[in-house]
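No value in this document is a laboratory result; all are computed from the given coordinates. Predicted model, so just to flag it, every value in this text is computed and none were measured. Neighbour counts run over all protein chains shown; Cβ positions are idealised from the backbone, glycine included.
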Amino acid sequence: MLPGGVLEGTGPDAGVALHYGDPAAEARALESGRALVDLSQLEVVTITGPERLTWLHLFTSQHVAALAPGTSTETLILSPPGQIEHAAALLDDGATTWLITEPGRGAPLVTFLERMRFAARVEVSLAGDRAVVAVANPRSTPAALADLLGPAPRWQDPWPATTGASYGPDDAAHPAAGRDLALVLTSRPGLDELAERWTGAGGVLAGTWALEAERIAAWRPRLGREVDERSIPHELDWLRTAVHLDKGCYRGQETVARVVNLGRPPRRLTFLHLDGSAEALPAPGDPVFAGEREAGVVTSAARHHELGPIALALLKRSVGPDAELVVRASVPDPDGGEPGSARVSATQEEIVSAQGRSSATPGERPGAGLRGSGARNPNPAAGFGKN
């Protein structure tokens, strides 16, 4: 952790600064492009070799075979049944493909990629000498600060610009329209010196509090928070930037196509405005109730410097967008005993449509014309393609 910060003690950001004494001021500095966020807990994987992009294209969810040098994207690796196993920010500089992933996920990702090598001319490794820092609105960053980042590889977050399908608003209507966030791959040994020079040039160090609040307000899913063992990308509106629907076969593609075509993913991510009068802030894993029925679970929560307490929650598909919700927030016992709980009222904004239909979902279910004819069709493929 960079010196001067208050340590984040638990979760995927454990070990880096939660804040540096004034989260609201740090959030405003983040908006103005003057803040640097230490994300050295993230892990970096590199792939080299002439076949690296065409090889990755074969089994990941994104179209990367012809990715131009300097272009940022993100991709998922799905299980054969379609659940999310890995997620990575992806950047190719013409010689190396850089993958940024969550803490503790770098080594498993390398192991998976090594198993997929076969005869491909690629080399995969964990880049332990690289550390990640974040800068929001880098186009507004003063030149004296921008120069400190040098020519290091820089991943530009594509969220929320759609490359696949969307289960929510279109790009222009999305609350994160115009969002600008960069992850810079700097030298890990030089991280303390970078921070010292950054503050010396008039910049501000910001913690994960401010950055997580920005992410939640942008409805942006994260592997380390929103994903569990059942998650499919449709539930999180992650088809938006991480899944390309116009590419060939890859692991989990059948589930991707089936849910897009038939609609109705089992769960849906929603954005929660939390009761600002409640002192308790829900933690990831706290249950959400609609009346007496458990409706879902909080995945991320933060206090935003303008919006107040906000959260992302994964709800059951049957929970309507107008349902009155209450979060049962866990409250630690200051004496170290059993934690208590507090009821926090919440109102929701739809991220994933409650109707479960994406921008690519057809108006009529595929094969609907084969039903209701009064006799079993001996050829289930009839009605598709040219007669």
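Some notes on this structure:
- Inter-site label distance for Asp180 and Arg264 at 7 Å from Cα along Cβ, in nm: 4.4
- Relative contact order of the stretch 1-130, pairs being alpha-carbon contacts under 8 Å that are 6 or more residues apart, as %: 25
- Förster-model FRET efficiency, 41 Å R0, Glu114 and Asp246, C-beta, rounded to 0.05: 0.90
- The trypsin sites (Lys or Arg not before Pro) of the stretch 96-125 that DSSP puts in a loop, and whose beta carbon has at most 16 other beta carbons within 10 Å, are Arg117, Arg121.
- Residues whose amide H comes within less than 5 Å of that of Ser72, counting only those at least five positions distant or on another chain, are Gln156 (H built at 1.01 Å from N in the peptide plane).
- The stretch 230-309 - Debye-derived log10 I(q)/I(0), Cα point model, q = 0.14, 0.21, 0.24 Å⁻¹: -0.64, -1.01, -1.17
- For the stretch 276-281, 3J(HN,Hα) per residue [Karplus equation, 6.51 cos²θ - 1.76 cosθ + 1.60, θ = phi - 60°, Hz, x = Gly/Pro]: x, 7, 7, 6, 6, 9
- Long-range amide H partners of His63 with built H, under 5 Å: His244
- Treating each Cα of the stretch 76-129 as an identical point scatterer and summing with the Debye formula, the log10 of I(q)/I(0) at q = 0.21, 0.26 Å⁻¹ comes to -0.90, -1.28.
- Whole-angstrom Cα spans of the chain along principal axes, big to small: 78, 57, 40
- Rounded to the nearest 5, the antiparallel percentage of DSSP beta bridges internal to the chain is 95%.
- More than 24 Å apart - percent of Cα-Cα pairs taken over the stretch 246-368: 40
- Lys/Arg +1, Asp/Glu -1 at C-beta; the chain dipole; positive extreme among Thr162, Ile310, Val16: Thr162
- Cα pair distances of the stretch 25-151 binned at 5 Å [whole percent]: 2, 10, 18, 21, 18, 13, 9, 6, 3, 1, 0
- Amide H contacts of Asp286 (H built 1.01 Å from N, in plane; Pro and chain starts excluded): Val298 sit under 5 Å, all sequence-distant by 5 or more or on other chains.
- Over all pairs of different C-alpha atoms in the stretch 179-298, the reciprocal of the mean inverse distance, the Kirkwood hydrodynamic radius, equals 18.2 Å.
- Loop chymotrypsin sites (Phe, Trp or Tyr not before Pro), the stretch 74-154 (other Cβ atoms within 10 Å of the site Cβ: 10 or fewer; DSSP): Phe118
- Kirkwood Rh, angstrom, the stretch 1-44 [1 / mean 1/r, Cα pairs]: 11.0
- Of the GluC sites (Glu not before Pro) found in the stretch 172-248, the ones in coil according to DSSP and having at most 14 other Cβ atoms within 10 Å of their Cβ are Glu229.
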